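The values are calculated or read from the model by the stated rules, or taken from the named source; none is laboratory data. From a predicted model like this one, the values you see are computed outputs, not experimental measurements. Virtual Cβ from ideal backbone geometry, glycine too; neighbours counted across all protein chains shown. Surface areas here come from the heavy atoms of the whole protein model, side chains and all, with no ligands, DNA or RNA. Shrake-Rupley method; radii C 1.70, N 1.55, O 1.52, S 1.80 Å.
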Amino acid sequence: MNASMFACFRSGAGEVLQRPDYLADFSRVHASDIHLLAKLERGQTFKEPGTPSWEAFASGDWVEALRLIEDDRETVAAYFRDASQRGLTFRRLRIVEYPVTPYLQWEMNVLRLRSELGEEIRVLDAGTISDLERDEHVPEVVILGSSVMYAVIYDDDLKGAGARRFTDPDQVRTTTREFEALYAQGEEFSEFFEREIAPLEPPALNRPPTAAEGGAS
């Protein structure tokens, strides 16, 4: 594995966008004629206030959290039907540490729904990329087509704070190749979920976060 992968994201490079500007820019590009939306997710814990299922999970109501995930089925299905009609592929690589965190256990149930409905998701053990992370974790990357990519920024409270934006075509192409190389090493989501997540007991939270504690995108 090439230790120089994702080099363009190091040293704080990229145009910094605050969260409202990032979300607006993402929406604009997402609505354009793109054919790939790729995400590399590395963090093991985030906070997502405003997401009903996360709030139920954070309050300790696991049954309600799972019910609310399922309640979103038709909305998520409609998104992926629209994406398919546009020729848009949504591909995600989720890096996982063991034992999985309570947040990750919750998120994996969200991803199970998305996987069933059309998102192409694979999972990769963090131990397999240790050579890439001698100095720092791989970035949280979002790639939109061939025109733009972002390194998502989180604050100290694990809230989504914005992103660093990159538009150099060579950097986007290189990062897309690097993403695909890691994605090819990942395990198919359904196999991972049935082995590692389905048997788990409901997660125990030491201190349930409150809805005022921020969120991740």
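Condition check for Ala161 on (1) modelled with pLDDT under 95; (2) exposed (fewer than 14 other Cβ atoms within 10 Å of the Cβ): one failure, at (2). Restricting the stretch 10-34 to residues that are at positive phi and part of a helix (DSSP H, G or I) leaves a set whose member that is surrounded by the fewest Cβ atoms within 10 Å (Cβ to Cβ) is Ser11.
Can Pro202 be described as in contact (Cβ under 8 Å) with a residue 12 or more places away in the chain, more than 21 Å from Gly43 (Cβ to Cβ) and either polar (S, T, N, Q) or open to solvent by 70 Å² or more (accessible area, probe 1.4 Å) (or both)? Yes, satisfied. Within the stretch 62-74, residues that are without any contact (Cβ under 8 Å) to a residue 24 or more places away in the chain sit with their Cβ atoms under 7 Å from residues that are open to solvent by less than 40 Å² (accessible area, probe 1.4 Å) and small (Gly, Ala, Ser), at 6+ positions apart or across chains, in these pairs: Glu64/Ala56; Leu68/Ser53; Leu68/Ala56.
For the stretch 116-132, enumerate the residues that are among the charged types (D, E, K, R) and either closer than 14 Å to Leu93 by Cα or not in a helix (DSSP H, G or I) (or both). It would help to see each step written out before you state the result.
So the first thing to find is which residues in the stretch 116-132 are among the charged types (D, E, K, R), and the list is 116, 119-120, 122, 125, 131.
The answer is Glu119, Glu120, Arg122, Asp125.
Determine whether Arg112 is closer than 30 Å to Arg173 by Cα, open to solvent by 20 Å² or more (accessible area, probe 1.4 Å) and modelled with pLDDT under 95. Against the criterion (closer than 30 Å to Arg173 by Cα, open to solvent by 20 Å² or more (accessible area, probe 1.4 Å) and modelled with pLDDT under 95), Arg112 does not qualify. Being touching a strand residue (DSSP E or B) at 6+ places or on another chain (Cβ under 6 Å) and under 15 Å from Glu41 (Cβ atoms): is that true of Ile143 here? Yes, satisfied. Residues being touching a helix residue (DSSP H, G or I) at 6+ places or on another chain (Cβ under 7 Å) and under 13 Å from Glu107 (Cα atoms): count how many of those fall in the stretch 20-51. Of the residues in that region, 4 qualify. Screening Gly118, Gly162, Gly87, Gly145 for residues that are touching a His at 6+ places or on another chain (Cβ under 6 Å) and of a type outside the set (Ser, Thr, Tyr) leaves exactly one candidate, Gly87. Taken over the stretch 35-72, the residue count meeting the criterion of being touching a Ser or Thr at 6+ places or on another chain (Cβ under 7 Å) and in a loop (DSSP other than H, G, I, E, B) is 3. Looking at the stretch 64-109, which of the residues that are in contact with a helix residue (DSSP H, G or I) (Cβ under 6 Å, 6 or more places away or on another chain) and under 18 Å from Glu191 (Cβ atoms) is most open to solvent (accessible area, probe 1.4 Å)? Per the criteria, the residue is Asn109.
Screening the candidates Ala78, Ala83 for the property of being small (Gly, Ala, Ser), more than 17 Å from Phe179 (Cβ to Cβ) and without any contact (Cβ under 8 Å) to a residue 12 or more places away in the chain yields one hit, Ala78.
Among the candidates Pro99, Pro139, the residue that is part of a loop (DSSP other than H, G, I, E, B) and within 24 Å of Ala13 (Cβ to Cβ) is uniquely Pro139.
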